[in-house]
Every structure is written in C-alpha cells, then in structure tokens.
Ligand SMILES: Nc1ncnc2c1ncn2[C@@H]1O[C@H](COP(=O)(O)OP(=O)(O)OP(=O)(O)O)[C@@H](O)[C@H]1O
Ligand SMILES: [Mg+2]
C-alpha cells in the first residue's frame, strides 16, 4: 500500500481536565474519502481541527506526507514543537470547509477565492483569477463572482467556501458538517458539489457528517467515533449494515429512529 | 458691554491665522493617536502575559489621569530628565498619547466584533499572522468604528485650547493675547467659540453621514 497521506499516532487531546481524544491511531490514504460519524460530543470536530491546527495537540503526533505537523526533529533527532514556518509548510497540504462558511464579508465572491492564492501562495493574480473563475464555474456560481457574501443564500455561501478551499489545491480537504447550518432545501445543492469533487478529485477527504446516505455514497471508508475513540472503521457497507459493536448498533438505531 | 463689529473684523484675521496651529496640532496629534492606539491594542492582545499587563497598565494610567497634568508633565518635567520639547511638539505628543488610549479601546471593540471564525479560516487558508491582520481582521474591524474615531477627532480638536497652558500660541492663546492688549475680551473669545463651532459642526454632520453609509454596507 502507498504511503498514507495523513497519519495520526496515539493522538490524545484534553481540554483542561476533559479528555476528548484518547490515543487515536488513524490513517488516510492518498485520494481516499473518509467519513466520520458518531454521537454529539464524541470528538469528531476536535479530531479534524487538530489536523487543521485549530486546536493544540496534547499528546501523540500527526504526520502529513511523512512530515510531522505539530513537531520538528531537532539536531539529535528528538521531537520538539514545530516552528511556525514548519507548521505553515506542512499545513499548506490541508484545507477545510466549515459549518458556518466564514466567508470574508468585506470581499466579493471572486476576491474571497483568490485572496489566499495571491496573498499566501504568491500566485500570479491573473492566473489565480482564472483558477478562481474555473472553481466558481465548478460550483455553479460563476454569475455571482462580483456579489458580496451577504447577497448569497446559505447554500451559495457554502459553495463559495468550497471553491475557496479547493483553489488552494489541498491534498486533504476537511468538511465539518458542511450542510448542518443550512435550510433543508439548500442541503442538496451543497452535497451535490461535494460529491462531484469527490468523484473527480485526487484530494483526500475527511468528511464529518450526519447525512448517512451521503456518507455511504461518497466515502470509501467510514470511521465511527464514540467517547474519544474510533470504535469501528471500515467500508460503508460494513459499518452501516453490519455493525459489530453495541455502541455502533445503538447509534445507527437511534439515528434511523430520528430520521 | 457692546459688541463692536469693526473691532471684531479687525482681529478676525489674526485669530483665524492661528487656526493653522490648532488644526495642525489636531491632525498630527491624531495621527500619532491612531498609530499608537493600534500599537496598544496589539500589545494588550499579546499572548505574552508580561507584555499584556504592562501595556494594559500604562493605558489605564494614561486614560485615568487628566490630559492637562500630562501636558504639564511633558512640557515642564521632561526637561529635567534632559528632554526639552517645544510647545508644539510637547502638545502633539500629549494629545496623541492621551487619545491613543481611547482609540485603543475603540480598536479593541472593532477587533472583537470580528468573529473567531475569521481567524480560523485564515489559519485554514494558511495566512501568516501579519497577513491575517492586514487582509482579514483589520479591514473588517475598522470600518464599523470609523464614526467613533471621527468623534474622537472632533473632541480632540475642541481640546486643543488646553495647549495654551503650555504656552502654545494656538487660537485661544492668540485671542487672549489680543484681549490682554486691548482690554476687550468679548469679541476675541466669541470669535474663538464661533470658529470652533463653524469647523466642528459640519465635521460632525459629515461623520453622521459616514455612519449611515457604513451602516448600509454592513
Ligand atoms: N474549545 C473547547 N473547550 C472545551 N471543551 C471543548 C472545546 N471544544 C470541544 N469541547 C468538548 O470536547 C468534546 C468533543 O467535542 P467535539 O466538538 O469534538 O465533538 P463532535 O463529535 O464534533 O460533536 P458534534 O457532533 O456535536 O459536532 C465535547 O465534550 C465538547 O464539549
Ligand atoms: Mg462537531
């Protein structure tokens, strides 16, 4: 098997005295789409935010393409906390789409998308604009290039946020409940966009979702979180139709009942 | 007491010409206040506890002591430690430093109005700290507080007569000098009041309009 693109090694996370992740080992292969499911508070978001470096890791290591994300080796080969340059270098492989979009309200849609390529990656503005427009086309919003975020619906905002993340060409793209802040009638358009990216993209995906049907359709693998651990991890058919643990059975049952 | 129009017109040019001192002290002082105010805000936000507490302490101290006392200090006490400043420089520094502490508070509220999501997405898009500030946070934090900043500008303008206390010949001092030599104070002091009114009232209207414009956009 190829070298994994992301590798969690005994990752532990505490918020003060509260343990949220408990020595998790986990891998994502290049191009692999992994869905995370599990009850509220089980640690899915925290797990993903550690990869985006939005939370501090408490213990363990995360590797991206064989490089430590949170650590660097010193002269003697011991791990020490990574410098911010090192963090930025490794982090540049990761992108994230948030539940609440977080578009830049002071910029037009197109500016939102090309801001980071130009400012962060130092790309040529013309090239970035072209790439940005291609992305907008891909998410079906080319006609909104000059609109401001306040003029868009929630579904459109999330599609812009997806285009903004994609234009950075991340190798791993994280989605944290990308549709749960949307009105029900807007969920479909966003899922459709994510699915089309999944179908054509070489990027790996880490997708936190409560949309089981969608997870089944898009994911190569589903990992079930409970109590800060990954309790089961396997192909969608196994996880959804042949759960082994009581906890997953319970979760799926409760989930079906609320549908 | 009768108002003497011809006397008033005689002295008007002299008083009005001193306006340039008043206005340049306001403008230079305010620029200093803006820059320093932003620096205070950033220092107070520092994750370094010592930097945070020291900056916070200084700002509180300055904000809670009278401007006049600070002006006296800068002008009359600094020379004893080898820093002798002319009245204009001392005045501008006094105004600038004093108002920087108010503006720092204004910047703080503007910055805090930008939600944590903007910081997170900046991290996710791999912005440096610096670019996060200049491209994402400040462009959102500043526009909503521009009216408040404008009001401080007008307030500071109206406080410049304090600088006469450290011998700066601005417009109040000029009027007083005229009054002292002619023994007529009504006209010169009235002119001073009217000049302040004529300048600050339209300015406040302008700010009001700006405020509406900004409210429209956000
Ligand atoms: N910044 C924080 N400070 C303190 N506790 C936190 C913080 N963020 C999350 N937690 C706690 O960590 C636990 C895991 O939260 P997390 O958001 O990772 O769960 P989740 O699986 O994403 O849940 P959900 O499905 O509701 O989004 C919860 O108990 C939560 O209250
Ligand atoms: Mg969550």
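General observations
- Taking the stretch A:193-210 as the range and being within 16 Å of ligand 1 (Cβ to nearest atom) and surrounded by 19 or more Cβ atoms within 10 Å (Cβ to Cβ) as the test, the residues that pass are A:206, A:207, A:208, A:209.
- Unmet requirement for residue A:23, which otherwise passes all of (1) buried (at least 21 other Cβ atoms within 10 Å of the Cβ); (2) modelled with pLDDT of 95 or more: (1)
- Filtered residues of the stretch A:26-52 (kept if in contact with a strand residue (DSSP E or B) (Cβ under 8 Å, 6 or more places away or on another chain) and either more than 16 Å from ligand 2 (Cβ to nearest atom) or part of a loop (DSSP other than H, G, I, E, B) (or both)): A:26, A:27, A:28, A:29, A:30, A:31, A:32, A:33, A:38, A:39, A:42, A:43
- Considering (1) within 14 Å of chain B (Cβ to nearest Cβ); (2) part of a helix (DSSP H, G or I); (3) within 16 Å of ligand 1 (Cβ to nearest atom), the lone condition that residue A:56 does not fulfil carries the number (2).
- Inclusion of residue A:225 among residues that are more than 14 Å from every other protein chain (Cβ to nearest Cβ), within 13 Å of ligand 1 (Cβ to nearest atom) and more than 25 Å from residue A:88 (Cα to Cα) is warranted.
- Out of B:18, B:84, one residue alone is assigned to a helix (DSSP H, G or I) and touching a helix residue (DSSP H, G or I) at 6+ places or on another chain (Cβ under 8 Å). It is B:18.
- For the stretch A:27-53, the set of residues classified as closer than 30 Å to residue B:129 by Cα and within 16 Å of ligand 1 (Cβ to nearest atom) consists of A:43, A:44, A:45, A:46, A:47, A:48, A:49, A:50, A:51, A:52, A:53, listed by residue number.
- Test: residue in the stretch A:83-105 that is outside any strand (DSSP E or B), within 30 Å of residue A:237 (Cα to Cα), more than 16 Å from ligand 2 (Cβ to nearest atom) and within 14 Å of chain B (Cβ to nearest Cβ): yes
- In this entry, residue B:134 passes the filter for residues that are within 14 Å of chain A (Cβ to nearest Cβ) and surrounded by fewer than 18 Cβ atoms within 10 Å (Cβ to Cβ).
- Here is the figure for the stretch A:116-150: residues that are in a helix (DSSP H, G or I) and either more than 10 Å from every other protein chain (Cβ to nearest Cβ) or over 20 Å from the mean Cα position of the chain (by Cα) (or both) total 21.
- Test for residue B:180: is it buried (at least 20 other Cβ atoms within 10 Å of the Cβ) and without any contact (Cβ under 8 Å) to a residue 60 or more places away in the chain: no
- Meets criteria (over 19 Å from residue A:175 (Cβ atoms), assigned to a loop (DSSP other than H, G, I, E, B) and within 16 Å of ligand 1 (Cβ to nearest atom)) for residue A:23: no
The values are calculated or read from the model by the stated rules, or taken from the named source; none is laboratory data. Note that the coordinates shown come from a computational prediction; the quantities given were computed from them, not determined experimentally. Neighbour counts run over all protein chains shown; Cβ positions are idealised from the backbone, glycine included.
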